[in-house]
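Each reported figure results from applying straightforward, stated rules to the coordinates on display, with no laboratory input. Only a predicted model underlies this, so the values are computations on that prediction, with no experimental measurement involved. So basically every Cβ, Gly included, is an ideal-geometry build from the backbone, and we count neighbours across all protein chains shown.
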Amino acid sequence: MADIGLSAFSVFFMGSPSFLGHQRALEEGHGRSNCQTLFGMTAIPTDPYIRLMLDGAPTAAFDPLFFKTIATEGVLEPFQRLNGRVLIALDGTEHFCSRKIHCPRCSTRKRSDGGTEYFHAFLGASIVAPGHQQVLPLPPEFIAPQDGAEKQDCERNAAKRWLMRHGPTVAHRRPIFLGDDLFACQPIAAAVQQAGGNFLFTCKPTSHPTIAEYLDGAELEEHRTAAVARGKRTTTIYRWLSAVPMRDTKDALSVNWFSVEIQNNKGKRSYYNSFVTDLPVAAANVAELAACGRARWKIENETFNVLKTNGYNLEHNFGHGKETLASLLVVLNLLAFAFHTAARLAVPAWREAIVTRGARYRFFEHLRTVTAYVVFETWDHLLRSIAAAAIRPP
């Protein structure tokens, strides 16, 4: 079973749907392949057999590898903010949609023409940081039909399950959970606190009438900063109000509200957003809190967008199966992305090979090409060959 899991993972890690086919050809000619030397496989199973054996396997089987990845020395430190804390952004996305292919784990929706659309979605969780180009994906929680549930599953329910399953695992990292306005509600905020974390959620006035009522006419504390970039002056205004009830109930959580507004040199607003948090807000930290809150967008730009458009082909149907195959392949795709990020941060030879090639996509072009023709002894052997632009066969 290890060879089956490694075979599926290797396809995503190498960014090559044909990787196993090339390695079978190498094995026929050389008696071994990069599957053995680089991934430690004993045999290369066929693609149909891989899909058959993976379908039905639990998606949580690979979860510990995500946390082992972020525990690698040198990986997590660049992401720490607010005195050594980590920011975990939550958001949902789809990865499959069809009107014909479906399975018991598909969600459904009706279209205007009366047809039924089947789709798969998951709640993603990524460690992000303002000013950092990379993200570290964590195990996903799939939005799928739940046993005994009358209503269709949703992002909020998936977020509660994620916090219940993985909250204790990341609690020692002192996480601050980020999310859009959908997550800025008392049940999610309470679930975050019960999991040992804090929250920093986008808060739209239109969806939080109680908070908007408290803000109306209130005397807000204010902090201003000015900056000049490329000859243009901007002014950033932070305003906040502490101890605001999250909703109009007796058991409402008390939260701290703050906003950030950016004005150009003519005083015209170019950006505005507001947030709620259970962290204290003051002039000394409101700017960093705002930067952390805005980093929520990185799960959409640096995670989902990269996975869908930059070679990972998240929305491609690598195999739907009848049970868990579609979801399991997404987990392996995310795990490959996590390993790539960790390698970029913690493995000098990997980083040197990317820098030498001049762009990430060129590095993967070399990776796919040379491993189709040459068997490498080790990863170090492979990476140094790419960096030196000279293949050195064993």
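Summary of values
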| quantity | calculated |
| --- | --- |
| Helix 19-30 vs. the chain, principal-axis angle (Cα, 0 to 90°, nearest 10) | 30 degrees |
| Residue among A129, A212, A343 with the largest mean-square fluctuation in a Gaussian network model of the chain, springs linking Cα atoms under 10 Å | A212 |
| Amide H contacts under 5 Å for E221, placed H, 5+ residues apart | W240 |
| Karplus-derived 3J(HN,Hα), 6.51/-1.76/1.60, for each residue of segment 64-80, Hz, glycine and proline x | x, 5, 4, 6, 5, 5, 6, 7, 4, 4, x, 7, 7, 3, x, 8, 6 |
| 0 to 90° range, to nearest 10: angle between helix 155-170 axis and the chain longest Cα axis | 80 degrees |
| Helix-only [θ]222 nm of the chain, DSSP H runs n ≥ 4, -39500 (n - 2.57) each, per residue, nearest 500 | -11000 deg cm²/dmol |
| Gyration tensor (Cα) of the chain, equivalent ellipsoid semi-axes in angstrom | 42, 27, 18 |
| Choice from L314, L65, L289 showing the highest fluctuation, given a GNM over the chain with Cα pairs closer than 10 Å | L65 |
| Residue order, fewest to most surrounding Cβ atoms within 10 angstrom, among T356, T108 | T108, T356 |
| Lys/Arg +1, Asp/Glu -1 at C-beta; segment 55-346 dipole; positive extreme among L215, N273, I101 | N273 |
| Integer Hz, Karplus 6.51/-1.76/1.60 couplings in order for segment 329-342, x for Gly and Pro | 5, 5, 4, 5, 5, 5, 5, 4, 4, 5, 5, 4, 5, 4 |
| Cα-based reach from K100 at 17 Å (exclusive), listing aspartates and glutamates while leaving out same-chain residues under 8 positions away | D113, E117, E315, E323 |
| Using alpha-carbon coordinates, inclination of helix 360-371 to the longest axis of the chain, degrees | 20 degrees |
| Alpha-carbon centroid distance for the pair segment 304-382 / segment 40-109, whole angstrom | 14 Å |
| The chain: most fluctuating residue of R351, R165, R230 per GNM, C-alpha cutoff 10 Å | R230 |
| Taking Y271, Y118 and counting other C-beta atoms within 10 Å, the order from fewest to most | Y271, Y118 |
| Sequence-separation-based contact order of the chain, relative, with Cα cut under 8 Å and 6+ spacing, percent | 20 percent |
